[in-house]
1. Local charge sum around E49 (other residues, Cβ-Cβ under 13 Å, Lys/Arg +1, Asp/Glu -1)?
2. For the chain: lysine pairs with Cα atoms under 29 Å, gap of 8 or more or different chains, count?
3. Return the long-range amide H neighbours of R134 (sequence gap of 5 or more, or a different chain), with a cut-off of under 5 Å between placed amide H atoms.
4. By count of other Cβ within 10 Å, fewest leading, how are M86, M60, M1, M145 ordered?
5. Just want to confirm a number: the relative contact order over the range 70-161, from Cα pairs under 8 angstrom separated by 6+ residues, in percent.
6. Only counting other Cβ atoms within 10 Å, I'd like E49, E31 sorted with the fewest neighbours first.
7. Got the relative contact order for the chain handy, in percent, Cα pairs under 8 Å and 6 or more residues apart?
8. Please give the Cα centre distance for the range 141-170 versus the range 26-42, rounded to the nearest Å.
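Only the coordinates and a few stated rules stand behind these numbers; no lab work does. The model shown is predicted, which means the values in this text are computed figures rather than measured ones. Glycine gets a Cβ as well: all are built from the backbone with ideal geometry, and neighbour counts include every protein chain shown.
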Amino acid sequence: MEDILDLSAEPYDRQYPVVWFDESPDQLVSEGRPPLPVRPGQPARYDDEYHREGTCNLLMCFEPLQGWRHVKVTARRPAQDFAHCMQDLVDVHFPQATVISVVLDNLHTHTPAALYAPFPPAEACRILRRLDFRYTPKHGSWLKMVEIAFAVVSTQCLDRRLGDQETVRRAVAAWETQRNTAKATVDWRFTTAKARRKLRHIYPL
């Protein structure tokens, strides 16, 4: 826990950025009947009936010190999608970085081995040399700032009926652009000093 908290307190360094990563499923829901449009003095009206259209998966990278985030929408959540997100971090989003610290949970697909599934060994090794995985402790996923970013996208973008993966992708891309332009970030106040005071019962005697 203290390793994650100390990392979150470090000042911004362009050569050594800290990126928080997580993924979350999203339920696809379409309208049962077309909604009635807005009229003078009458708001839009929606029928209670809806159809479940399966699920999609959202993978988010979040750099709080720069107020930057990127969300990738996929059909499933295999290790290959995680591997491609890590490749994009290295080659697309942070090509200038020497090493990227990636904070993530201990999901079985979030491992260095996952990069060897879609990529040849030499390419997987090249990517991993630029990444420093920092795992949250067991029952400590709440330490990830990206959890807060997911809460924001859920309330600002996904709190409506979106019936297919492409619609979700367009909606999330618009939300991402707006948040990145505003450089919206997280006011993280939980520090190592506070952890030692508030959570002293979990420290060994």
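1. Charge balance in the 13 Å sphere: +1.
2. Final tally of qualifying lysine pairs is 9.
3. V102, V103, L104
4. In increasing order of surrounding Cβ atoms, one gets M1, M145, M60, M86.
5. So the answer I get is 32 percent.
6. E49, E31
7. Relative contact order for the chain comes out at 28 percent.
8. The range 141-170 and the range 26-42 have Cα centres separated by 20 Å.
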